[in-house]
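The values are calculated or read from the model by the stated rules, or taken from the named source; none is laboratory data. No experiment lies behind these values; they were computed from the predicted model shown. Cβ placement follows ideal geometry from the backbone for every residue including glycine, while neighbour counts extend to all protein chains displayed. Surface accessibility is based on the protein's heavy atoms, side chains included, excluding ligands, DNA and RNA. Shrake-Rupley method; radii C 1.70, N 1.55, O 1.52, S 1.80 Å.
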Amino acid sequence: MKYGDIINNYKVRILSANNKDLETEKVIQEITNNSTILGVHLTDSDKADILNCLLEELQRHSFENFSLDNKEYLTLIDKAIKLVSEKQE
């Protein structure tokens, strides 16, 4: 990852914030409105890459940490799919 330190810094800020929506808005503004972050000069393409990587990191974190909470529901849906599929046969 080309901008690992930048992405990790923003990821930690968002995840540790009490108001994640507000902090995410601040992070987006910082990324889009600054030409240099942590001493790294950024083009618009770099900013887009950073935002994409940050999104992927936050999605991965959400999946890894909250997927077990959803397991029961996913299992029920899976069983329902199998039942419906059997009825079609």
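Quick notes on this structure:
- Between the beta carbons of ASN65 and SER45, assuming R0 = 30 Å, the FRET efficiency works out to 0.45 to the nearest 0.05.
- Segment LYS26-LYS82, extension gain: residue separation times 0.36 nm, minus the distance between their alpha carbons: 15.7 nm
- Under a 5 Å amide H cut-off, with hydrogens placed 1.01 Å from N, ILE37 pairs with LEU42 among residues at least 5 apart or on other chains.
- Here the Karplus curve 6.51 cos²θ - 1.76 cosθ + 1.60, taken at θ = phi - 60°, turns the phi angles of segment 45-59 into couplings of 5, 4, 4, 5, 4, 5, 5, 5, 5, 5, 4, 4, 5, 5, 5 Hz, with x standing for Gly and Pro.
- Using the Cβ-Cβ distance between LEU38 and SER16 with R0 set to 22 Å, the FRET efficiency from 1/(1 + (r/R0)^6) comes to roughly 0.80.
- Evaluating 6.51 cos²θ - 1.76 cosθ + 1.60 at θ = phi - 60° for every residue in segment 7-12, the Karplus couplings come out as 4, 4, 4, 5, 4, 4 Hz, glycine and proline recorded as x.
- Taking every protein chain into account, the 1.4 Å probe leaves THR24 with about 40 Å² of accessible area, to the nearest ten.
- Per residue, in Å², the accessible surface of segment 25-70 once ligands and nucleic acids are set aside, probe 1.4 Å: 69 Å²
- Among the protein heavy atoms of the chain, carbon and sulfur supply 53% of the accessible surface, probe 1.4 Å, non-protein parts ignored.
- Distribution of pairwise C-alpha distances over the chain, 10 Å bins, in %: 15, 36, 19, 14, 12, 4, 0
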